[in-house]
Amino acid sequence: MLEAYLPFIGLIIFGNIENLILSSQGVVQGVDPKILGGLSIIVVIIWLIIGTVATELAMQYSSYITFIGGLAIFILGIQSVVEAIKNIKSKGSA
């Protein structure tokens, strides 16, 4: 059963890392952790449903999906780090 998901293993791993980065960024910005956690769980469940249903259809496009998803994860990660650095610098000069 898991063999069907092997082409997407990179997105699964790095998507989870990105979810942690975005969650930590939300906490740094002062978002209520309970609301943030609840929303994260809801989004993960939605993606699980979409991934389970659409895997057969998406298999022929797995290389494109992995590239686009990896690029999005990379861009969001850089954005998160830049915002964190700005936040650290603004607190340091205050």
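The values are calculated or read from the model by the stated rules, or taken from the named source; none is laboratory data. Because the structure is a prediction, the values reported are computed rather than measured. All Cβ positions, even for glycine, are placed from backbone atoms using ideal geometry, and neighbour counts span all protein chains on display. Accessible surface areas use protein heavy atoms only, side chains included; no ligands, DNA or RNA. Shrake-Rupley method; radii C 1.70, N 1.55, O 1.52, S 1.80 Å.
Numbers for the structure displayed
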read-out: Residue that is nearest to residue 27 (Cα to Cα) [pool: residues in the range 48-94 that are in contact with a Pro (Cβ under 8 Å, 6 or more places away or on another chain) and among the polar types (S, T, N, Q)]; value: 66
read-out: Helices (runs of 4 or more DSSP H) wholly inside the chain that include at least 2 residues being open to solvent by 100 Å² or more (accessible area, probe 1.4 Å) and of a type in the set (Lys, Arg); value: 62-92
